[in-house]
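This report refers to the structure that appears directly beneath it.
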Amino acid sequence: NIFQFGDTPAPSHFNFYFAPSLFYTRRIGRAPQGVVNADFVDMPAETSILGAAKLTGKLPNGVAVGVLDALTDVERARFVTGSDFGRQQVEPMTNYFVSRMTKEIGSTSRVGFMLTSTDRRLPDDLSSTLRKSAQSGGVDGYTSFLNKSWILESSLFGSRVSGSEAAIEATQESPARYFQRPDAKSFHLDPFRTSLEGWGGKLMMSKADGVWRPILAVQANSPGLETNDIGFMQRTDIVETQLIMQYVDQVPRGAFRERNMWTGVWENRNFDGDVFERGVFGQWFGTTQNYLHPNVSLFLVSGAWNDRLTRGGPVVRNAPGYSSDMSFGTDDRKPLSAVLAAHADGSRDSSYSRFIDLTLTARPRSNLQLSIEPNLSRSHDPSQYITTFADPGATRTFGNRYVFSHLEQRSFQIGTRADWTLTPRLSFQLYLQPFIASGDFHNYRELVAARTRDYAPVAAIGSNPDFNFRSVRGSAVVRWEFRPGSALFLAWNENRAVVAPIGDFRFGRDLRA
């Protein structure tokens, strides 16, 4: 936990968007990021880790420290173009560094610091694709008061990435920020920049005990924030506020052992002041006297703006909608248990999404657990982005035409797990997931004007993007603790996938493939 920035003893945290993280371990050894344009390409599936070391510990004065450093190797892809054979570098040698320190202040407070850096030895053919270096750092902390009933927590962090003009221009135009958006007010695209800086922060007050537990929070990430070199971030340019009331009743009474409920409101807006999500929600779950677990939630969102739908184009209007989830689980202490879950959402523009998920778990012995989880989903999106092309006559959309289509998607997957503890020092884990999905594109249309949700029919443009995706992913890990405190791991990973240019979904055919 030492590397978890913003970690506090508050029992509940809510995010109404995917909040950025400063450190995400899967960045180390990630798939190569370079692109090779050729008739045939043999691309490495992952980046080799030459070596890594991690040191964590606590000192008697309440200071905890963590340091991690990893070095990954150069990776090259083989390619064939016509009669030419060759190799091209697709990932440079890269060093990842993370340092963390926290200091306990009495028994009620803590302050922490974190610094990360990513440094690449870039060749010329990757300097326009990847950033040369990236740094991030921040301070976080909390304090509790009134007998630790209330917790005030906060964090402030920043980032800086640098590289060639082309690499930083690509960073500005990435889906996390879209600096090229023609109607933006708080930022603009600068193709001559060689660095980009940004910041983020959070302030939250919450009650940690009692039956009624309010939460008030605000967090923001500036448009220039970028943590994806060693962290994880889906979008920035956001200010989120939330007011939530949590009800916790852990006294057994009637048919229930415990009941929990959340209700509240939230709002997400960008730095231009456009509200792109605003809603109210409620969630309830409980545990019955015989350990059944019902759970239900409902989210209602009003119409708002969408600054991502046109992929760097103007803001458009979103229709109001809803989202709901339900689940029911049996007693997970028994040799056989099950959880049935379902999801449904939709909006006034005819979009919808549905899925149903069943998890079956068996424990034939105390040291063996087997589970299987089939999942079936279907969705319809009337505004799936297809392409953008210039048209000086399209003055209502800033000289570009933005083409969308209806998209019908279906998918099916089966997650299978096995956890077997052979001895207290030797264990085995297996995961296997067959997955199939299809996408059918039809009814093409274009945006009529910015800041509306008005569309006009157009003919299909370009090649048919229909797809049918089939894959199998698997992993296995053997863990041997050859002496107390020392362990050896043996890991295996498998990833097979193929895409067929068809949009229909046929269960038997696709699962066999």
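Between Ile502 and Arg87, with labels modelled 7 Å along Cα→Cβ, what's the label distance in nm to one decimal, could you check?
Using points 7 Å along Cα→Cβ, the separation is 3.9 nm.
Given +1 on the Cβ of Lys and Arg, -1 on the Cβ of Asp and Glu, and no further charges, what dipole in debye does the chain carry about its Cα centre, rounded to the nearest 20?
1280
Residue-wise, which Karplus ³J(HN,Hα) couplings in Hz belong to segment 454-459, taking 6.51 cos²θ - 1.76 cosθ + 1.60, θ = phi - 60°, and x for glycine or proline?
Calculated HN-Hα couplings, in order: 9, 10, 10, x, 9, 6 Hz.
Could you tell me what percent of the accessible area of the chain is made up of carbon and sulfur, with a 1.4 Å probe and every protein chain present?
Heavy-atom surface of the chain belonging to carbon and sulfur, 1.4 Å probe: 57 percent.
Along the charge dipole of the chain, which of Ile414, Ile372, Val315 sits closest to the positive end, that is, farthest toward it, with unit charges on the beta carbon of Lys, Arg, Asp and Glu (+1, +1, -1, -1)?
Ile372
Given the rule -39500 (n - 2.57) for each run of at least 4 DSSP H residues, summed and divided by the residues of the chain, what is its mean residue ellipticity at 222 nm, to the nearest 500 deg cm²/dmol?
About -500 deg cm²/dmol.
Just to check I understand the Karplus step: with θ = phi - 60° and J = 6.51 cos²θ - 1.76 cosθ + 1.60, what whole-Hz values come out for segment 197-209, glycine and proline as x?
Calculated HN-Hα couplings, in order: 10, x, 8, x, x, 8, 9, 9, 10, 8, 9, 9, 9 Hz.
Compute the separation of the alpha-carbon centres of segment 466-513 and segment 334-373 and state it in Å as a whole number.
Between the Cα centres of segment 466-513 and segment 334-373 lies a distance of 19 Å.
How much accessible area per residue does segment 208-263 have, counting only protein heavy atoms and a probe of 1.4 Å, in square angstrom?
Here the residues of segment 208-263 average 39 Å² of exposed surface.
Ordering Trp266, Trp420 by accessible area with a probe of 1.4 Å, largest first, what comes out?
Sorted descending by solvent-accessible area, the residues read Trp420, Trp266.
Quick check for me: using +1 on Lys/Arg Cβ and -1 on Asp/Glu Cβ, what's the dipole size of segment 156-290 about its Cα centre, in debye to the nearest 20?
720
Using the Cα centre as the reference, give the magnitude of the dipole from point charges on the C-beta atoms of segment 74-130 (Lys, Arg: +1; Asp, Glu: -1; all else neutral), rounded to the nearest 20 debye. Can you show the working numbers first?
Numbers: 8 positive and 7 negative charges, 60 e Å.
Dipole magnitude for segment 74-130 comes out near 280 debye.
What distance in nm separates the simple spin-label points at Arg348 and Ser133, each placed 7 Å from Cα in the Cβ direction?
It is 5.2 nm.
Give me the distance between the Cα centres of segment 379-414 and segment 155-181, rounded to whole Å.
That distance is 24 Å.
Filter the cross-link list Lys148/Lys202; Lys148/Lys334; Lys132/Lys202; Lys103/Lys202; Lys207/Lys334 down to pairs whose alpha-carbon distance in this structure exceeds 25 Å.
Flagged as over cut-off: Lys148/Lys334; Lys132/Lys202; Lys207/Lys334.
Among Met245, Met326, what's the order by accessible area (1.4 angstrom probe), most exposed first? The partial results should precede the final answer.
Working: Met245 65, Met326 110 Å².
From most accessible down to least: Met326, Met245.
Taking the square root of 5 times each eigenvalue of the Cα gyration tensor, what semi-axes in Å does the equivalent ellipsoid of segment 1-145 have, largest first?
Ellipsoid half-lengths, sorted descending, are 41, 16, 12 Å.
For Asn1 and Gln33, calculate 0.36 nm times their separation in residues minus their Cα-Cα distance, and state this gained length in nm to one decimal.
Contour length minus Cα-Cα distance gives 8.6 nm.
Along the positive direction of the dipole of segment 404-458 (beta-carbon charges: Lys, Arg +1; Asp, Glu -1; about the Cα centre), which of Ala449, Pro424, Phe435 reaches farthest?
Result: Pro424.
If I model a spin label at Val251 and Val458 as a point 7 Å from the Cα along the Cα→Cβ vector, what separation in nanometres do I get?
6.4
Rounded to whole Å, give me the distance from the Cα center of segment 18-45 to that of segment 119-151.
Segment 18-45 and segment 119-151 have Cα centres spaced 19 Å from each other.
Put Arg181, Arg512 in order of accessible area, largest first, 1.4 Å probe: what do you get? Before the final figure, lay out the partial values.
On the way: Arg181 10, Arg512 190 Å².
Ranked from most to least accessible, the order is Arg512, Arg181.
List the chymotrypsin sites (Phe, Trp or Tyr not before Pro) within segment 170-212 that DSSP assigns to loop and that have no more than 11 neighbouring Cβ atoms inside 10 Å.
Those that pass, being in a loop and sparsely packed, are Phe192.
Which ³J(HN,Hα) values in Hz, rounded to whole numbers, follow from the phi angles of segment 473-482 under the Karplus curve 6.51 cos²θ - 1.76 cosθ + 1.60, where θ = phi - 60° and Gly and Pro get x?
Going residue by residue, I get 10, x, 8, 9, 9, 10, 10, 10, 8, 6 Hz, with x marking Gly and Pro.
When only Cα pairs under 8 Å and 6 or more residues apart are kept, what is the percent relative contact order across segment 329-462?
18
Just to verify a number: FRET efficiency for Leu300 and Asp209, C-beta to C-beta distance, R0 = 30 Å, to 0.05? Spell out each step's value before the answer.
Numbers: r = 30 Å, r/R0 = 0.99.
Efficiency, from the Cβ-Cβ distance: 0.50.
Considering amide H positions built from the backbone, and no H for Pro or chain starts, which residues 5 or more places from Phe276, or on another chain, come under 5 Å of its amide H?
Asn268, Arg269, Asn270, Trp305
Considering only Asn290, Gln250, Asn306, whose Cα is most displaced toward the positive end of the charge dipole of segment 219-353, charges sitting on Cβ of Lys, Arg (+1) and Asp, Glu (-1)?
Asn290
Rg and Dmax of the chain, Cα atoms, in Å?
My reading of the Cα-based Rg and Dmax gives 25.3, 78 Å.
The values are calculated or read from the model by the stated rules, or taken from the named source; none is laboratory data. Here the structure is a predicted model, which is why all the values come from computation and not from measurement. Cβ sites come from the backbone with ideal geometry, for glycine too, and all protein chains shown count toward neighbours. We work out accessible area using only protein heavy atoms, side chains counted, and drop any ligands, DNA or RNA first. Shrake-Rupley method; radii C 1.70, N 1.55, O 1.52, S 1.80 Å.
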